[in-house]
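To keep things clear, I will list the structure first and then write my remarks on it.
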Amino acid sequence: MPDFEHELDDVSQIRAEVLRARSMTALGELAAFCLGRARGSEDLTVELAGLWRDRMREVLEAPNGVAAFSVLVRYILEASDTPPERMTWMVGLLGPRAEEAFMTGAQMLRAEGKAEGKAEGKAEGKAEGKAELLLRLLRLKFGELPQTAARRVQSATAEELDGWAERVLTASTLGEVLDG
């Protein structure tokens, strides 16, 4: 009968040496490292190019490694403040497969950016309409709204508006709608 232990780590606190000593794939180690360090990092490439270069090469040489590495690159570019030129520098240290992964990740980001730009114009109009409709529903159900609540609804994201619109049906107070 196998006897397994469960380990739960706060990846933002775990030291790189401890992470590397785990029985994990190179991709698993890199992913955990990036998840723990990318947010708030101004330049993740310094640590990656130093301590993690061998693991990045392992990922790139694995089957589907270029695709996996491109996802890591994309995450780093989205989640950290790492300048793209620093990523280009680091990727250059790893060779042509890494450059291919970098281009793939960058292309995905550009395509998403274009799609978001097109959708943003449409979404802005929809969000304004959603906010006005939600304000009408809230006033019908709860009476005159405090200015802070009205401003909060008017500046909310489309996702927040959708969530509040669903809760307005079952909530008994304005606070239950806006604060969950």
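Search the stretch 11-24 for residues being outside any helix (DSSP H, G or I) and open to solvent by 90 Å² or more (accessible area, probe 1.4 Å), and hand back the single one that is farthest from residue 87 (Cα to Cα). The selected residue is 23. Look through the stretch 156-180, keep the residues that are assigned to a loop (DSSP other than H, G, I, E, B) and under 12 Å from residue 134 (Cα atoms), and return whichever of them is most open to solvent (accessible area, probe 1.4 Å). Per the criteria, the residue is 169. When the stretch 79-90 is filtered for residues that are within 21 Å of the chain's Cα centre (by Cα), of a type outside the set (D, E, K, R) and either part of a helix (DSSP H, G or I) or more than 19 Å from residue 42 (Cβ to Cβ) (or both), the ones remaining, listed by number, are 79, 84, 87, 88.
Anything in the stretch 67-103 that is of a type in the set (Val, Ile, Thr) and under 18 Å from residue 51 (Cβ atoms)? List them, or say none. Even if it seems obvious, please write down each step before you answer.
Initial filter on the stretch 67-103 (of a type in the set (Val, Ile, Thr)): 71, 73, 76, 82, 88, 91.
If the condition is that a residue be of a type in the set (Val, Ile, Thr) and under 18 Å from residue 51 (Cβ atoms), then 73, 76, 82, 91 are the ones that fit.
Residue pairs whose Cβ atoms lie under 7 Å apart, sitting 6 or more positions apart in sequence or on different chains, and linking a residue in the stretch 4-32 that is closer than 16 Å to residue 54 by Cβ and free of Cβ contacts under 8 Å to residues at least 60 places away in the same chain to a partner that is of a type in the set (Phe, Trp, Tyr) and surrounded by 10 or more Cβ atoms within 10 Å (Cβ to Cβ), are 16/33; 19/33; 30/52.
What number of residues within the stretch 39-78 satisfy the criterion of being assigned to a helix (DSSP H, G or I) and polar (S, T, N, Q)? Write out each step before concluding.
Just the residues of the stretch 39-78 that are assigned to a helix (DSSP H, G or I), to begin with: 45-51, 53-61, 65-78.
Applying the additional criterion that residues be polar (S, T, N, Q) yields 45, 70.
So the answer is 2.
The values are calculated or read from the model by the stated rules, or taken from the named source; none is laboratory data. None of these values were measured; they are calculated from a predicted model. In this analysis, Cβ positions are derived from the backbone assuming ideal geometry, glycine residues included, and neighbour counts consider all displayed protein chains. Note: accessible area is taken over every heavy atom of the protein model, side chains too, but ligands, DNA and RNA are not part of it. Shrake-Rupley method; radii C 1.70, N 1.55, O 1.52, S 1.80 Å.
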